[in-house]
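The values are calculated or read from the model by the stated rules, or taken from the named source; none is laboratory data. In this text, all values refer to a predicted model and were calculated from it rather than measured experimentally. No Cβ is skipped: glycine too gets one built from the backbone with ideal geometry, and neighbour counts run over all protein chains shown. What goes into the accessible areas is simple: the full protein's heavy atoms, side chains included, and nothing from ligands, DNA or RNA. Shrake-Rupley method; radii C 1.70, N 1.55, O 1.52, S 1.80 Å.
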Amino acid sequence: MFTRRDTMALGLGAATITLLPISVHAAADDAIAAYTGGASVTEGGVMITAPEIAENGNTVPISVEAPGAEEIAIYADGNPTPGVAVFKFGPAAGSHRASTRIRLGGTQDVVAVAKMPDGSFQQAAVEVKVTIGGCGG
Amino acid sequence: MSDVKPRIRLPRSAKAGQAAEVKTLVSHVMETGLRKDADGNTIPRMIINRFTCEYGGEMVIDMALEGAISANPYVEFDIMVSDATDVVFTWYEDGGAVYTETQQLSVG
């Protein structure tokens, strides 16, 4: 079963890379537009930390930080569904940062979008090269 | 699911007014709903879709999770320490199951 999953994932990763310029980017853009309500998003203001090369797409460590942000949303534009997570920081938060581990179906950009208290949005992206994809076909 | 088991690491001691790092992990398959079984049937989605941490009755972090979060979801964040001690962690699973864990933060 494991071998099959790996094989399927590799195939999916390859398909994803091929499709990337047309359809998949659009899915992430749509998801981000839905999150921001169509508001314009400026670059910067968010720090996103991820490995340059992830050997295993099933578990890629990622950290996001945006000083002063109310929320940070993470998108993976090459995954079958682009949404990854949304962090909402409450009044007892000690910082506006969070770390987690995510699945990536192949080499792609990971995008973090921060919602600021004044209603504006800021974003940053980082490319992660994935050797073995983690979407399991 | 019966194999959902939270693991939490709080700092041994924390000072009021400072940020304290919290690490949480919950054992869960995070089935994406994209995989198929040996017979070609889609395995239904079963993930933790929300995680919250409350400290002294106030929200620390409220996280929405998608299928792109790895199995055994790991989350690391900071609490702003006050004089409260109770830290409540809650995981919400597809299908409505809720898992809660309360731990004491030693403030000194």
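Annotation: A:Met47 carries an accessible surface of approximately 110 Å², with a 1.4 Å probe and no ligand, DNA or RNA atoms counted.
Here the Karplus curve 6.51 cos²θ - 1.76 cosθ + 1.60, taken at θ = phi - 60°, turns the phi angles of segment B:70-84 into couplings of 4, 4, 6, x, 10, 9, 10, 7, 10, 9, 8, 6, 10, 8, 6 Hz, with x standing for Gly and Pro. Each Cα pair under 8 Å and six or more residues apart adds its sequence gap; the mean of these over the residue count of chain B is a relative contact order of 31 percent. Taking each of A:Lys115/B:Lys15; A:Lys115/B:Lys36; A:Lys88/B:Lys15; A:Lys88/B:Lys5; A:Lys88/B:Lys23 in turn, the alpha-carbon distance tops 27 angstrom for A:Lys115/B:Lys15; A:Lys115/B:Lys36. Taking amide H as placed 1.01 Å from N in the peptide plane, the amide H of B:Met59 sits under 5 Å from that of A:Ala92, each at least 5 places away or on another chain.
Note on B:71-77: average number of Cβ atoms from other chains within 10 Å of each residue's Cβ is 6. Loop-located trypsin sites (Lys or Arg not before Pro) across segment A:45-137 with a Cβ neighbour count of 15 or fewer within 10 Å are lacking, with loop assigned by DSSP. Site pair B:Thr90 and B:Gln103 shows an inter-label distance of 1.9 nm when each label is modelled 7 Å from Cα along Cα→Cβ.
Rolling a 1.4 Å probe over the protein heavy atoms gives chain B an accessible area of 49 Å² per residue.
Using a 1.4 Å probe on protein heavy atoms, which residues of segment B:43-66 have at least 30 Å² less accessible area in the complex than alone? Flagged in segment B:43-66: B:Glu58, B:Met59, B:Val60, B:Ile61, B:Asp62, B:Met63, B:Ala64, B:Glu66. FRET efficiency for the pair B:Lys36 and A:Thr49, taken as 1/(1 + (r/R0)^6) with r the Cβ-Cβ distance and R0 = 35 Å, rounds to 0.55.
Remark: segment A:52-112 carries 31 Å² of accessible area per residue (probe radius 1.4 Å; ligands, DNA and RNA excluded).
Express the carbon and sulfur contribution to the solvent-accessible surface of the protein assembly as shown as a percent, rounded to the nearest whole number, probe 1.4 angstrom. Exposed carbon and sulfur together represent 53 percent of the surface.
Under the rule of -39500 (n - 2.57) per DSSP H run of 4 or more residues, summed and divided by the residues of the protein assembly as shown, what mean residue ellipticity at 222 nm is obtained, to the nearest 500 deg cm²/dmol? Mean residue ellipticity at 222 nm (helix-derived): -4000 deg cm²/dmol.
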